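J.: Input: one structure, supplied below.
The values are calculated or read from the model by the stated rules, or taken from the named source; none is laboratory data. Bear in mind that the values here come from a model prediction, so they are computed numbers and not experimental data. We place every Cβ from the backbone using ideal geometry, glycine too, and count neighbours over all the protein chains shown. Side chains included, ligands, DNA and RNA excluded: accessible areas come from the protein's heavy atoms. Shrake-Rupley method; radii C 1.70, N 1.55, O 1.52, S 1.80 Å.
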Amino acid sequence: MRKELRATFYRGGTSKAVVFNGADLPPDRATRDRIFLQVLGSPDPYGRQLDGMGGGISSLSKVVIVERSARADADVDYTFVQIAVKEPVADYGSACGNMSSCVGPFAVEEGLVDARDGEVLVRIYNTNTQQIYHARFAVKDGQPLEQGDLVIPGVSGSGAPVKLDFLDPGGAATGRLLPTGNAVDRVQVDGLGLVEMSLVDAANPVVFIRAEALGKTATELPGALDDDARFSADMDTIRRAGGVAMGMAADTASVALSNPKVAIVGPAATFTALDGATHAADSHDLGIRLISMGNAHRAITLTGSMCAAAAARIPGTILSQIVGPGHQGALRIGTPSGVLPVDADVDSTDAGPRVVSTSTYRTQRRLMQGAVLYWD
């Protein structure tokens, strides 16, 4: 029997997701996951998700759940579900920074928080990472503003800013900012030997390696990277080896598809973005090309960018070596869609570096509201 379920469709940053009020969902996770897979159109061996609302790539195959929080330090809880495109997998193992931008506005629209006109602060608990972040945005006539002048790489046009402050994001998945205790590790990787990498866990865990180690520059477009089968295979092998080194799995076969992410990093260099615009070397501090769910991201995951900003402030990491010691101000990241600034406040403590917060701005828009249909 065909059923319907109240839902909305949002763009958050450079991602899109079907967003649900948790109160509307069945309590059983297996039932939820079955619905999510149907709604997004997975699994699809053709990789297009034509029979659902997904867009055939990881950034367009997402589910967000928002509900009132029982915590004293949060207004709402946010659960992110990454839906695999070709496999019947609903993965709760990572957070999505881009979709984090729509959670506060959704909570206002749904009446989950009281909001007066002016700047609104919504305190959000991410159940995936068990961490708090704050979303600040403007409300007018009871609705979050969507039109504005902020332009972000990878999104055409402009929108109203949503400021995101992720509080104490270190150890989001592993419990430690530097899971191995080292700024740089040399990890044995099958078929590649010892590979130098920085293993950092802030907002989400990322395996950072030098682009030149794989014959790249971190200026390439995503299509060129995805078409390089050897590169894709090597990146996944490195990612899995890094995941084991970070203590996220007992062996490489057990490392989850969603986390850790893996990224190549290179010094700032002139590059051409997906929109055809040329970005000079002095417009950014370093280049990053990040792989998410097996494909090169069209920009960079927001959690990945926040992890990079934190890593650049930790002495000795590959990113810190590239940008140089004492780097000040926001880290300007060269991505396939342009330059993204992200800030991080990192303290030195007796126990090692600590990320106080990471901050950035996103835009969001409520694209559709109504109900999704699925078969019971």
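J.: Any idea which residue in segment 326-361 is nearest to LEU286 (Cα to Cα), counting only those that are part of a strand (DSSP E or B), small (Gly, Ala, Ser) and open to solvent by less than 40 Å² (accessible area, probe 1.4 Å)?
T.: GLY334
J.: Confirm whether ARG354 is in contact with a helix residue (DSSP H, G or I) (Cβ under 9 Å, 6 or more places away or on another chain) and of a type outside the set (A, V, I, L, M, F, W, C).
T.: When the stated conditions are applied, ARG354 does not pass them.
J.: Related question: Run down GLY181, GLY170 and say which single residue is touching a residue at least 24 places away in the same chain (Cβ under 8 Å), loosely packed, with under 14 Cβ neighbours inside 10 Å and touching a strand residue (DSSP E or B) at 6+ places or on another chain (Cβ under 9 Å).
T.: Sole residue among the options that is touching a residue at least 24 places away in the same chain (Cβ under 8 Å), loosely packed, with under 14 Cβ neighbours inside 10 Å and touching a strand residue (DSSP E or B) at 6+ places or on another chain (Cβ under 9 Å): GLY181.
J.: Quick one: count up the residues across segment 19-38 that are part of a helix (DSSP H, G or I), among the acidic types (Asp, Glu) and within 21 Å of ARG68 (Cβ to Cβ).
T.: The number of residues fulfilling the criteria is 1.
Conditions (1) touching a His at 6+ places or on another chain (Cβ under 9 Å); (2) farther than 22 Å from LEU60 by Cβ; (3) charged (D, E, K, R), marked per residue:
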{"site": "ILE314", "(1), (2), (3)": "no, yes, no"}
{"site": "GLN328", "(1), (2), (3)": "no, yes, no"}
{"site": "PRO336", "(1), (2), (3)": "yes, no, no"}
{"site": "SER359", "(1), (2), (3)": "no, yes, no"}
{"site": "ARG362", "(1), (2), (3)": "no, no, yes"}
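J.: Just to be sure, is ASP141 open to solvent by 50 Å² or more (accessible area, probe 1.4 Å) and over 23 Å from the mean Cα position of the chain (by Cα)?
T.: When the stated conditions are applied, ASP141 passes them.
J.: Return yes when VAL195 is β-branched (Val, Ile, Thr), open to solvent by 20 Å² or more (accessible area, probe 1.4 Å) and touching a strand residue (DSSP E or B) at 6+ places or on another chain (Cβ under 9 Å) and no when it is not.
T.: No: the conditions fail for VAL195.
J.: Of all residues in segment 243-294, count the ones that are in contact with a His (Cβ under 8 Å, 6 or more places away or on another chain), part of a strand (DSSP E or B) and of a type in the set (S, T, N, Q).
T.: Looking only at that region, the number is 1.
J.: How many residues does segment 110-153 contain that are part of a strand (DSSP E or B) and over 22 Å from VAL64 (Cα atoms)?
T.: Total satisfying the criteria: 4.
Conditions tested, residue by residue: (1) in a helix (DSSP H, G or I); (2) open to solvent by less than 10 Å² (accessible area, probe 1.4 Å); (3) over 20 Å from ALA299 (Cβ atoms).
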position	(1), (2), (3)
ARG186	no, no, yes
GLY191	no, no, yes
LEU199	no, yes, yes
VAL206	no, yes, no
ILE209	no, yes, no
ALA213	yes, no, yes
ARG230	yes, no, yes
THR237	yes, no, yes
